[in-house]
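Let me begin by presenting the structure, written as structure tokens, before commenting on it.
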Amino acid sequence: MDGTKIVREQIPDDEFEVLEEEQLSGVNELKRFVRAFFRRKIVVVGFILVVVVLLTAALADVIAPYDPYEQDLYQVLAAPGPSHPLGTDALGRDLLSRIIHGSRIALAVGVCTVLVSASIGTVIGLIAGFSDSRLNSLIMRITDILISVPSLVLQLLIASALNSGVTGVVIAIGLTLFPAYIRLINGQVLSVKQNDYISASRSMGAKKSRIIVRHVVRNVVSPLIVMMTIMMGMSIMAEAGLSFLGLGILPPAAAWGSMCRDGYQYLMTRPLLSIAPGLAIMILVFAFNMVGDGLRDALDPKLRGALK
Amino acid sequence: MVNYIIRRLFYAVLIVICVSMLVFGLIRALPGDPIEILVSRTELADAQADPEYFEELRHELGLDKPIPIQFVNWFAKVVQGDFGKSIIKGDDIMQSMGERMVITITLGLTAFVVSNIIGPLLGIISAIRRGKLIDNIVTFIANIGITAPTFWVAILLVYLFGYVLHWLPLYGYTLPWKDFGLSLRQGIMPVFVMALGPIASTARQTRSSMLEVLGEDYIRTAWAKGLNERQVIFRHALKNSLMPVVTLQGQMIRQIFGGSFIVETIFVIPGMGKLMIDAMLSHDYPTIQAVTLILTVVVVIANLIVDLLYGWIDPRIQYE
Amino acid sequence: MGRLLTVNGLSTEFRTERGVVRAVNNVSYNIDEGEIVGLVGESGCGKSVSQLSLMQLIPNPPGRVVAGSAEFEGVDLLKYTRRSRELCAIRGNRISMIFQEPMTSLNPAMTIARQMSEVLTLHLNLDKKEARERSTDMLAQVGIPDPGKRADDYPHQLSGGMRQRVMVAMAMLCSPKLIIADEATTALDATIQAQLLELMYDLVGRYHTALVMVTHNLGIVARYADRVNVMYAGRIIETGTVKEIWADPLHPYTEGLLSCVPKLGEKLEPIKGMPPSLINRPATCPFLPRCRFRTAACFKEPAAELTYVGGQHATACNRRLEER
């Protein structure tokens, strides 16, 4: 142990603290979000499809070759051809134009339903999360009951009670989907309330209610957005189901579900009449689900990095 | 354990009553006066104009009483097995439901069993062969199963196997113990359509939980013990990765019986779903009520069984 | 004493997003029958990975054993594919492992008896009844009270210490020649830790089983081990008997480690800095950035090979080797 040969030096603080810098600025945060969102190819496909459908709905009047409600009794059940790319239905209406205009109904129903169910569910979920444990468990028990009823039965009943039409369908579906939001929001609020950082910031002298509100907002927004996106797809599918059964949006409105119902009678001779609108439903639902998945990857910090 | 079951049964009865009340209330809100519908269908041309006869009928059916009392009266009869008469067809609802119930439950249970076998199997295969072709195929099928509307899948199948290939009958259903071969041929498409969604969701859940379980410490322990791949997966990973799948069962049951409305309509199957849709389209209230009640009971019982099953699979669950 | 295990040039890599991590780098050592060897180092230095590599239990992808041989009872463990029948016949039978996490290392959905019996039915072809008897007998040997009843418990019904006893019992079932205890007692309370170590010490002595104790606790090593391997940044940088190393630690890192052991009345001297990143390491000594004794020459020379300086003592420090 002779120290003469070996020179003591200052140890340089090298290479140990590079990790934290890149997460700070807002621009980088956005970049990271975009990169995480588009990491999977299938999400890119879904995103493009959503954009395409949105554009179609916005520009329906320009794109559609015909008026979707104009009957041409000389062209009844025409086969697909140059003048009618997908053929015509039993009343001589152009199928392609009806599908293009149908995107408006689908999106409108989707957006309205999600807004209705998300706002009801969020409000009740917040009430449940912030109330004492007895009221909380009462609300959650009722939610359990609502969730355990087959939703189609309720949707059918409510839709026909409110007379068919877009409003009726929106309320019917919205009223059956909101319990899922209650569970989500309640769970988030409870986990925020239990978390250590609440007591930590409290011990540092911050006001309890303010901290909780700030953390709840931060923890609720991301999963809420993800859930709303996926519920868009579910509501559109539910509307299509109701309309197909003749209890949702009724003809002559160009709703994809009721187009399938009308077209189904001619399945043998004109399969496109029922298959094409159904395909449109599937594509839109798929697109929203994929966008939801992408948002989850990008917004949920717990899954960040886990999905490579 | 016994306490738990008793509490759950009590809870189940509560759910059934709540749902019935909800439905009862909703039906009263439906448009159209049941008496008018009844009278207009019974071809009593003279009576139609007679308001006194209306009142008499109303009284006879108990429709002049307040709604809560109507509900109690109705429920009291239901408990004795009397669902009343259809106001459209006039026949006894309990009787007309008998065989339909058997058909719907047979199809639904078959779909349930099928999806619980195929779904996890696909999930396991795709987890073990992660990133390989078979994994991509399974993921693709699962995506279709989740995003394709039930009725659309049914239409495609009818077109393909019925009209184009002529392999399967287009519609109808026969119970298996009456003509097994025919029942099988008629049942394939409806069962597949009802099972597709549940297959997709269980396959996805099994895949992701299997992947998670395969990274657990006790799987490493199993390898360290010298077990081979088959033993590690089937003896150690499978049961644990199926636990989250069990929690999906309730949702699957609702999905399957919800799907029976559409499937029975498309394949013209004389079951509860078809009965319900017909009743709704013709505003046949007593029938709607009866069918809703029965379906709720079926779903609630199935949920209860699933919860008990869950405790059997996961020893950490305690019934307290 | 015969030679039991000879590891030569073992290297393991992990592919990550930021590059290839060489977690174990050209590691060679050997273990004699019935010997207790400590493997020490800071967390992340490759101790556990080197042991998991031997058993081919590295998750793949991202991990892969890229070089080396490990001769055990005349066969090279690294020659087989990781799911091969030959390797399965050795794991749990000739070599067994005890892991760090008692809470998660047992299957939550199987009873203790089943998890133990399956080892016996697999390797020793016992029938169910015999396997159960042997298992409860072994549970009794590791000091589990009322073993006949405990055998039917599920892991969650046992405490952490009890579970780790079960793990020890399970590892001993087939009387293996080698047990690798990977931080087996780290997660436990001090008193339980001591009990369990005494128990393991007794058992391996009784069955003449070699034991590798992977740990960062030098006290444990000093108390139980015959020899020590010190790892740093994926390499063994010093090896020797416990006596040799405690008397004269050669590598500055070993010295630093020893001065980190708290002694009454003395000030602790922590090693400054952090272990280096294992991606694209330069060829120089890995301890260089933190070394208190480095010289200008250290920045120019490649890292030294592990070189014997007398007895069983070897080190990988250029300066120390020059001194000798």
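A few points about this structure:
- Among the residues of the stretch A:104-127, some residue qualifies, meaning at least one is in contact with a Phe, Trp or Tyr (Cβ under 7 Å, 6 or more places away or on another chain), open to solvent by less than 50 Å² (accessible area, probe 1.4 Å), hydrophobic (A, V, I, L, M, F, W, C) and more than 14 Å from chain B (Cβ to nearest Cβ).
- In the stretch C:263-278, the residue that is most open to solvent (accessible area, probe 1.4 Å) out of those that are small (Gly, Ala, Ser) and within 11 Å of chain A (Cβ to nearest Cβ) is C:277.
- Residues that are open to solvent by 20 Å² or more (accessible area, probe 1.4 Å) and assigned to a loop (DSSP other than H, G, I, E, B) were ranked within the stretch C:41-56; the one that is nearest to residue C:29 (Cα to Cα) is C:56.
- Considering residues of the stretch C:279-303 that are of a type outside the set (Ser, Thr, Tyr), part of a loop (DSSP other than H, G, I, E, B) and out of contact with any Cys (no Cβ under 9 Å at 6 or more places or on another chain) only, the residue farthest from the other protein chains (Cβ to nearest Cβ): C:283
- In the stretch B:107-117, the condition of being small (Gly, Ala, Ser), more than 14 Å from chain A (Cβ to nearest Cβ) and more than 25 Å from the chain's Cα centre (by Cα) is met by no residue.
- Entirely in the stretch A:1-76, the helices (runs of 4 or more DSSP H) that have 1 or more residues that are farther than 30 Å from residue A:93 by Cβ, modelled with pLDDT of 80 or more and out of contact with any Ser or Thr (no Cβ under 6 Å at 6 or more places or on another chain): A:26-37, A:41-58
- Selected residue (criterion: least open to solvent (accessible area, probe 1.4 Å)) from residues of the stretch B:242-253 that are at the interface with another protein chain (Cβ under 10 Å from one of its Cβ atoms) and free of Cβ contacts under 8 Å to residues at least 60 places away in the same chain: B:250
- Flag if residue C:257 is open to solvent by less than 30 Å² (accessible area, probe 1.4 Å), under 22 Å from the mean Cα position of the chain (by Cα) and more than 14 Å from chain A (Cβ to nearest Cβ): yes
- Residues within the stretch C:88-143 that are assigned to a loop (DSSP other than H, G, I, E, B), hydrophobic (A, V, I, L, M, F, W, C) and either more than 13 Å from every other protein chain (Cβ to nearest Cβ) or open to solvent by less than 10 Å² (accessible area, probe 1.4 Å) (or both), tallied: 6
- Considering the conditions (1) in a helix (DSSP H, G or I); (2) at pLDDT below 75, residue A:206 is excluded by exactly one of them, (1).
- Number of residues in the stretch A:114-141 that are within 28 Å of residue A:218 (Cβ to Cβ) and more than 19 Å from the chain's Cα centre (by Cα) equals 16.
- Test result for residue B:151, aromatic (Phe, Trp, Tyr) and buried (at least 24 other Cβ atoms within 10 Å of the Cβ): yes
- Among the conditions (1) open to solvent by less than 40 Å² (accessible area, probe 1.4 Å); (2) free of Cβ contacts under 8 Å to residues at least 12 places away in the same chain; (3) of a type in the set (A, V, I, L, M, F, W, C), residue B:281 misses just one, which is (1).
- Residue match in the stretch C:241-252 (condition: part of a helix (DSSP H, G or I), free of Cβ contacts under 8 Å to residues at least 24 places away in the same chain and either buried (at least 20 other Cβ atoms within 10 Å of the Cβ) or in the same structural domain as residue C:17 (by TED's automatic domain parsing) (or both)): yes
- Qualifying residues in the stretch C:304-318 (those that are of a type in the set (A, V, I, L, M) and either loosely packed, with under 12 Cβ neighbours inside 10 Å or assigned to a strand (DSSP E or B) (or both)) - the one modelled with the lowest pLDDT: C:309
- Flag if residue C:71 is touching a residue at least 40 places away in the same chain (Cβ under 8 Å), more than 9 Å from chain B (Cβ to nearest Cβ) and buried (at least 17 other Cβ atoms within 10 Å of the Cβ): yes
- Taken together, B:269, B:256 contain a single residue that is in contact (Cβ under 8 Å) with a residue 60 or more places away in the chain and not in a loop (DSSP other than H, G, I, E, B), which is B:256.
- Restricting the stretch B:75-120 to residues that are free of Cβ contacts under 8 Å to residues at least 24 places away in the same chain and assigned to a helix (DSSP H, G or I), the residue that is nearest to residue B:210 (Cα to Cα): B:117
- Scanning the stretch C:78-87 for residues that are touching a residue at least 24 places away in the same chain (Cβ under 8 Å) and outside any loop (DSSP other than H, G, I, E, B), we see that the one that is farthest from the other protein chains (Cβ to nearest Cβ) is C:78.
- Subset of the stretch A:230-256 (residues that are in contact (Cβ under 8 Å) with a residue 60 or more places away in the chain and within 13 Å of residue A:177 (Cα to Cα)): A:230, A:231, A:232, A:233, A:235, A:236, A:238, A:239
- Flag if residue C:183 is in contact (Cβ under 8 Å) with a residue 12 or more places away in the chain, surrounded by fewer than 21 Cβ atoms within 10 Å (Cβ to Cβ) and not hydroxyl-bearing (Ser, Thr, Tyr): yes
- Screening residue B:226 on (1) closer than 30 Å to residue C:95 by Cα; (2) within 11 Å of chain C (Cβ to nearest Cβ); (3) open to solvent by 40 Å² or more (accessible area, probe 1.4 Å) shows it passes everything except condition (3).
- The one condition from (1) crowded, with 20+ Cβ neighbours inside 10 Å; (2) out of contact with any Ser or Thr (no Cβ under 9 Å at 6 or more places or on another chain) that residue B:309 does not meet is (1).
- With respect to the stated conditions, residue C:211 fails to be touching a Lys or Arg at 6+ places or on another chain (Cβ under 8 Å) and either crowded, with 22+ Cβ neighbours inside 10 Å or outside any strand (DSSP E or B) (or both).
- The condition (being more than 26 Å from the chain's Cα centre (by Cα), part of a loop (DSSP other than H, G, I, E, B) and either within 24 Å of residue C:220 (Cα to Cα) or not basic (Lys, Arg) (or both)) is satisfied by just one residue among C:321, C:264: C:264.
- Residue among B:170, B:109, B:156, B:133 that alone is open to solvent by 30 Å² or more (accessible area, probe 1.4 Å) and either more than 25 Å from residue B:270 (Cα to Cα) or in contact with a Pro (Cβ under 8 Å, 6 or more places away or on another chain) (or both): B:133
The values are calculated or read from the model by the stated rules, or taken from the named source; none is laboratory data. Values in this document were obtained by computation on a predicted structure and should not be read as measured data. Please note: Cβ atoms are built from the backbone with ideal geometry, for glycine as well, and neighbour counts cover all protein chains shown. Ligands, DNA and RNA are excluded from the accessible area calculation, which covers all protein heavy atoms including side chains. Shrake-Rupley method; radii C 1.70, N 1.55, O 1.52, S 1.80 Å.
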